[in-house]
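Below you will find the structure I want to go over with you.
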Amino acid sequence: MARKWIYTSRSEGEASRQAHADLPEHAPYEREMSKEGFFGPAAFLHHKRPPTGWVKFEGPLQPRAFDLTKLNRPDDVPWSSPSVLFNNSCDVRLWKLDKPMTGLARNGDGDQLLFIHTGKGSLFCDFGHLPYEAGDYIILPRATMWRLVPTEATSVLMVEATNTHYTLPDRGLLGPHAIFDPAVLDVPAMDEAYFAQQADEDHEWVVHVKKRGQVSRITYPYNPLDAVGWHGELYPVRLNVRDIRPLMSHRYHVPPSAHTTFLSDRFVICTFAPRPFETDPGALKVPFFHNNNDYDEVLFYHAGDFFSRDGIDAGMMTFHPAGFTHGPHPKALANMFTQKKPATDEYAVMIDTRDPLDVGEGAASVENLDYVHSWKPKQAAE
């Protein structure tokens, strides 16, 4: 049933006529306050000073950052990797692997997303063989049996759609081929490499099945990846971030929701990829300040120069719980209306969850406790 909001557009005081553009001269810091992420009614408040100009921020709501590169223990079983963030609808982990898996994995709790942060190799699964490299998203339908055989040490951001699945977003007026054409989605092949791995039957094979957060071990006297063919509408897919053509406007800074890559029932996966900066003189050229009132926001930094965040490197993750205003760091604000280069140079994965996230033991062990202070102007000058 469609919502009928009680609000109509109003204006008070000195305000711009267009969101994220032509801001009042004496109040150049715009803050968006909205419902349902960026899809519901919104208010745009104009401030004389940055809304993130706090001198102290205490309590569990404070923004947090984690250096996941310090989670250095490779593990043969993905379910042994520590949780980074989790709730009842998703589970986020960082898993590292430096040699071929000796067994197989299967997730009975939901669809599994593997984002290859670093590394190269092959995925073998019920459906065949799929090479992988850095920047690949791989979606594995629930209960798919799989294993990785890396040729380079591999680091994987894993995001489980707990008790549900992944779908593609509705692109509306843009049509189904915008941002990325479904034709660029690759599927596993029943190729020579797949049939060659079936010959490895000199030992027992253990399948590590995760269900309700617990792991069961099923042992076979043969390699259970022994299918010879398949057909149907359900199968794994691979998408590399290079194949994403981000939506942009030269006159308006589009909201993060425009960069949605995959949907689940209670969260979304978005991808920030290189794009030209806005060229309209009055348009914001950095992310706008906003209240994340309905969603927890998570960013995993994959590669490049992260223009809105200072002191952030590839492999780090930021976590902004719902309930406070956040936005670009002071260093980025210096380029709010004029950028020194023509385009962004970053790849990042964003996870927006409708339900609050808990911090897992993995993230807690590598937290940057000074992150909450990173909006202070004095740090931008250091």
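The values are calculated or read from the model by the stated rules, or taken from the named source; none is laboratory data. These figures come from a predicted structure and were not determined experimentally. We place every Cβ from the backbone using ideal geometry, glycine too, and count neighbours over all the protein chains shown. These accessible areas exclude ligands, DNA and RNA; they are computed on the full protein's heavy atoms, side chains included. Shrake-Rupley method; radii C 1.70, N 1.55, O 1.52, S 1.80 Å.
Mind giving me the nanometre distance, one decimal, between the label points for Lys56 and Met248, set 7 Å out from Cα along Cα→Cβ?
It is 4.3 nm.
Evaluate E = 1/(1 + (r/R0)^6) for Ser9 and His165, where r is the Cβ-Cβ distance and R0 equals 30 Å; express this FRET efficiency to the nearest 0.05.
Efficiency, rounded to the nearest 0.05: 0.20.
Expressed in nm to one decimal, what extension gain is obtained for the pair Ala2 and Glu152 from 0.36 nm per residue of sequence separation less their Cα-Cα distance?
In short, 49.1 nm is gained.
Mind listing the long-range amide H neighbours of Ala283? Cut-off is under 5 Å, sequence gap 5 or more, other chains count too, H placed in the peptide plane at 1.01 Å from N.
Excluding prolines and chain starts, which carry no amide H, the hits are Asp22.
Using modelled backbone amide H atoms (1.01 Å from N, in-plane), which distant-in-sequence or interchain residues come within less than 5 Å of Phe307's amide H?
Those lying under 5 Å, H to H, from Phe307 are Asp345.
Which whole-number percentage describes the relative contact order of segment 192-268, with Cα contacts under 8 Å and a sequence gap of 6 or more?
Once divided by the residue count of segment 192-268, the mean separation gives 19 percent.
Next up: How far apart, in nm, are the 7 Å Cα→Cβ label points at Gln198 and Asp181?
About 3.3 nm separates the two model spin labels.
So, one more: For the chain, set up a Gaussian network in which alpha carbons nearer than 10 Å are linked by springs, and say which option among Leu173, Leu263, Leu369 fluctuates the most.
Judging by the Gaussian network model, the answer is Leu173.
Further question on the same structure: Among Val241, Ala15, Asn291, pick out the residue whose Cα is farthest towards the positive end of the charge dipole of the chain, where Lys and Arg carry +1 and Asp and Glu carry -1 on C-beta, about the Cα centre.
Ala15
So what is the relative contact order of the chain, in percent, for Cα pairs below 8 Å that sit 6 or more residues apart?
21 percent
In debye, nearest 20: dipole of segment 210-301 around its Cα centre with unit charges on the Cβ of K, R (+) and D, E (-)?
Values: 11 positive and 9 negative charges, 61 e Å.
The dipole magnitude comes to about 300 debye.
Straight-line reach from Lys35: which aspartates and glutamates have Cα under 17 Å away, leaving out those fewer than 8 places along the same chain?
Counting by Cα, and skipping residues close in sequence, Lys35 has these aspartates and glutamates nearby: Asp294, Asp296, Glu297, Asp352, Asp355.
Go through segment 49-61 residue by residue and turn each phi into a ³J(HN,Hα) via Karplus (6.51, -1.76, 1.60, θ = phi - 60°); whole Hz please, and just put x for glycine and proline.
After applying 6.51 cos²θ - 1.76 cosθ + 1.60, I find 10, x, x, 9, x, 5, 9, 8, 9, 10, x, x, 7 Hz.
Ignoring ligands, DNA and RNA, what percent of the 1.4 Å accessible area of the chain is carbon and sulfur?
It is 51 percent, rounded to a whole number.
If you place +1 on the Cβ of every Lys and Arg and -1 on the Cβ of every Asp and Glu, how big does the dipole about the Cα centre of the chain come out, in debye to the nearest 20?
Approximately 1180 debye in magnitude.
Pick out which of Gly135, Gly108, Gly282 has the largest mean-square fluctuation in a Gaussian network model of the chain, springs linking Cα atoms closer than 10 Å.
Result: Gly282 has the largest fluctuation of those listed.
If you average the sequence gap of Cα pairs under 8 Å that are 6 or more apart and divide by the length of segment 1-84, what percent do you get for the contact order?
Working: 56 pairs, mean separation 15.7, N = 84.
Relative contact order comes out at 19 percent.
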